[in-house]
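Report on one structure; see the data block that follows.
Quick note: the coordinates plus some simple rules give every number you see, no bench work behind them. A quick note: this is a predicted structure, and the numbers were derived from the prediction, not measured.
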Amino acid sequence: MTPTDLSTSLPDYVIEAIREALPELDKKIAGFAMHDAVLTGVETRTSSPLRIERKADYQSVNVEGLYPAGEGAGYAGGIYSAAIDGIEVAEAVALAIVNGR
């Protein structure tokens, strides 16, 4: 990890949003925006270069009971789409359990 000024690598609107959000988060989670806090893990717009194929029931075409999901499996390109895919897969798992599969 190398400390750096994020304003040199992120657009101004992102930096401004972060500056506005941190104090608000600190109101909800005391200590979140401490003066020595470290911000890591800037999300990029890249996604997995591979896709684990799955059937309409969200199970892998090759491994029964495996439910490929999210960005790592090639079904999302960011945190929101990964979350939505995760919800859909969780619903498919629950349906399979209810149906005894």
### Query
Taking springs between alpha-carbon atoms closer than 10 angstrom, which of Glu71, Glu16, Glu91 fluctuates most in the Gaussian network model of the chain?
Glu16
### Task
Please work out the Cα convex hull volume for the chain and give it in Å³ per residue.
155 Å³
### Task
Along each of the three principal axes of the Cα atoms of the stretch 50-93, give the extent in whole Å, ordering the values from largest to smallest.
26, 23, 13
### Task
Measure nothing but the geometry: give the 0 to 90° angle between the long axis through the Cα atoms of 79-98 and the longest principal axis through the Cα atoms of the chain, rounded to 10°.
30 degrees
### Kirkwood hydrodynamic radius of the stretch 1-42, from inverse mean 1/r over distinct Cα pairs, in Å
11.3 Å
### Query
Most mobile of Ile52, Ile87, Ile29 per a Gaussian network model of the chain (Cα springs, under 10 Å)?
Ile29
